[in-house]
1. Can you work out which of the residues in the range 159-182 that are exposed (fewer than 15 other Cβ atoms within 10 Å of the Cβ) and in contact with a helix residue (DSSP H, G or I) (Cβ under 7 Å, 6 or more places away or on another chain) is nearest to Ala71 (Cα to Cα)?
2. Suppose we keep only residues that are farther than 20 Å from Gln126 by Cα and of a type in the set (Gly, Ala, Ser) within the range 153-205. Which one would you say is modelled with the lowest pLDDT?
3. Name, by its number, the condition in (1) out of contact with any Leu (no Cβ under 8 Å at 6 or more places or on another chain); (2) touching a residue at least 12 places away in the same chain (Cβ under 8 Å) that does not hold for Gly187.
4. Which condition breaks for Ala192 when tested against (1) closer than 24 Å to Thr48 by Cα; (2) loosely packed, with under 14 Cβ neighbours inside 10 Å?
5. Please work out if Ala95 is free of Cβ contacts under 8 Å to residues at least 12 places away in the same chain, over 17 Å from Leu193 (Cβ atoms) and not hydroxyl-bearing (Ser, Thr, Tyr).
6. Determine, yes or no, whether Leu30 is part of a helix (DSSP H, G or I) and more than 19 Å from Ser165 (Cβ to Cβ).
7. If I filter the range 42-54 for residues that are under 29 Å from Asn151 (Cβ atoms) and in a loop (DSSP other than H, G, I, E, B), do I get at least one hit?
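The values are calculated or read from the model by the stated rules, or taken from the named source; none is laboratory data. All values derive from a computational prediction rather than experimental measurement. Neighbour counts are summed over all protein chains in view; Cβ atoms, including those assigned to glycine, are modelled from backbone coordinates with ideal geometry.
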Amino acid sequence: MARPSSPAQPHSKGAGQLRIIAGEWRSRRLAVPEGEGLRPTPDRVRETLFNWLAPYIEGAHVLDAFTGSGALVLEALSRGAADAVALDSNPAAIANLKHNLELLRCPRGQILQTDALRYLGGQAKQPFDLVFLDPPFHKDLLAEVCNLLENQQWLRDQAWVYTESETAPSSLPMPGNWRLHREKKTGQVHYALWQRGEVRQDSQT
């Protein structure tokens with residue numbers, strides 16, 4: 001994903017591997033090129049996250065803003081998401097994810113080589129039900145991306161946003177109408193699920 005982690009399981013020389021946990025492509029293993037930012041979110045974390053999201057995945061419109069290996073967006077599509085947009089500035093990540101979607105014969109993923117801040121700073125093309133955010137750590141990207149999602153109207157009412165961060169979720173400057181729904185910590189990584197609520201017009205006094 002968006003930072004170095006434990007080495008991926010060997011698949012072939014110069015490549016790692018991810019395993020889709022459940023859904024249409026359950027237990028399918030796919031190649032991931034080696035490199036910083038391209039290692040999948042661990043199986044245990046993905047399993048926990050998608051247990052949290054189980055009632056909301058079917059038919060969801062999904063955005064993965066820092067897709068890296070593509071593990072999260074592939075898991076969402078396997079479990080019945082209607083469609084997904086995946087962004088990354090790394091050409092190797094984009095080429096690999098496009099290849100994996102072709103192997104799976106899945107036309108429901110739009111894979112774009114672009115900077116997430118630039119993309120989200122533009123006019124919203126469609127609102128999303130579910131967003132995955134695992135940006136590179138120690139670059140102060142998370143708060144800026146969340147504000148763009150909210151202010152540029154990229155989110156549906158009651159949308160869900162998943163974040164991974166190096167600091168506790170309670171310390172993150174998130175939009176005021178987002179509610180922290182679940183959180184856990186694995187090693188030095190905090191991961192959390194937020195739900196967007198209504199914007200309160202009377203918040204200023």
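1. Applying the filter and picking the extreme gives Leu180.
2. Result: Ser203.
3. (2) is the only condition that Gly187 fails.
4. (2)
5. Details: free of Cβ contacts under 8 Å to residues at least 12 places away in the same chain: yes; over 17 Å from Leu193 (Cβ atoms): yes; not hydroxyl-bearing (Ser, Thr, Tyr): yes.
Considered against the rule, which asks whether it is free of Cβ contacts under 8 Å to residues at least 12 places away in the same chain, over 17 Å from Leu193 (Cβ atoms) and not hydroxyl-bearing (Ser, Thr, Tyr), Ala95 comes out as yes.
6. Details: part of a helix (DSSP H, G or I): no; more than 19 Å from Ser165 (Cβ to Cβ): yes.
When the stated conditions are applied, Leu30 does not pass them.
7. no
Condition check ((1) free of Cβ contacts under 8 Å to residues at least 60 places away in the same chain; (2) more than 30 Å from Arg29 (Cα to Cα)) across all residues:
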site	(1), (2)
Leu112	yes, no
Gln123	yes, yes
Val131	no, no
Asp140	yes, yes
Thr163	yes, no
His181	no, yes
